[in-house]
Amino acid sequence: MTVINPPGFLQNVGATHTAEQTRNWINGWASGAVSSTSLVPRGGVNPAIGNELRVTQTGSPSMAVLVKSGSAMISGTIGSKQGMYSVMNDADVTLSIAAAHATLNRIDSVVFKIEDQVYSGSANTSSVAVVTGTPAGSPSPPALPDNCIELARVSVV
């Protein structure tokens with residue numbers, strides 16, 4: 001196993017308090033909000049744990065990247081009080097990059113994302129993934145999925 005899902009009590013298995021309430025109490029340990037009126041704190045990669053979820057190319061030439069170990073907090077982006085999720089990757093994960101376009105460049109994003117059945121998705125899970133951009137003469141990064149943090153951008157030429 002490499003990607004470790006958040007503890008069940010943080011993904012709406014519920015007991016005395018809802019998962020949303022529990023995540024919001026944990027938010028008190030976070031630094032700053034997403035905006036001045038937001039109840040959702042900023043997320044990010046923990047620089048003191050593992051290999052900081054660093055993303056590197058697997059070789060040259062190569063159409064894959066390696067996501068190193070690390071821990072992060074991912075801000076929920078769907079609900080106004082969704083809170084933050086703690087995620088961890090405990091070993092190297094190799095992700096494939098889609099083949100390049102014949103003539104146009106593109107930018108892909110490597111993300112760590114969370115799915116929470118209450119807000120979106122069909123499961124309570126987390127994963128690292130590649131979001132493939134659109135080939136263009138002047139490419140721009142792709143739109144990111146909800147409930148994720150971007151770990152790296154990959155220029156595909």
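The values are calculated or read from the model by the stated rules, or taken from the named source; none is laboratory data. Being a predicted model, the structure only gives us computed values, none of them experimental. Every residue, glycine among them, receives a Cβ derived from its backbone with ideal geometry; neighbour counts consider all protein chains shown. Accessible surface areas use protein heavy atoms only, side chains included; no ligands, DNA or RNA. Shrake-Rupley method; radii C 1.70, N 1.55, O 1.52, S 1.80 Å.
Considering (1) surrounded by 15 or more Cβ atoms within 10 Å (Cβ to Cβ); (2) in contact (Cβ under 8 Å) with a residue 60 or more places away in the chain; (3) not in a strand (DSSP E or B), the lone condition that Pro142 does not fulfil carries the number (2).
Just wondering, is there one or more residues in region 70-85 that are closer than 22 Å to Gln21 by Cα, of a type in the set (D, E, K, R) and surrounded by 20 or more Cβ atoms within 10 Å (Cβ to Cβ)? Checked region 70-85: no residue is closer than 22 Å to Gln21 by Cα, of a type in the set (D, E, K, R) and surrounded by 20 or more Cβ atoms within 10 Å (Cβ to Cβ).
Taking the condition of being assigned to a loop (DSSP other than H, G, I, E, B) and either touching a Pro at 6+ places or on another chain (Cβ under 9 Å) or within 16 Å of Met88 (Cβ to Cβ) (or both), how many residues in region 46-61 meet it? The number of residues fulfilling the criteria is 4.
Here is a check on your reading of the model: is Ser120 assigned to a loop (DSSP other than H, G, I, E, B), open to solvent by less than 70 Å² (accessible area, probe 1.4 Å), modelled with pLDDT under 95 and of a type in the set (S, T, N, Q)? Break it down into steps so the answer makes sense when it comes.
Numbers: assigned to a loop (DSSP other than H, G, I, E, B): yes; open to solvent by less than 70 Å² (accessible area, probe 1.4 Å): yes; modelled with pLDDT under 95: yes; of a type in the set (S, T, N, Q): yes.
Answer is yes for this residue.
Evaluated against (1) at pLDDT 95 or above; (2) assigned to a loop (DSSP other than H, G, I, E, B), Ser36 falls short on exactly one condition, (1).
Can you find a residue in region 96-111 that is assigned to a strand (DSSP E or B) and open to solvent by 50 Å² or more (accessible area, probe 1.4 Å)? The answer is yes; a qualifying residue exists.
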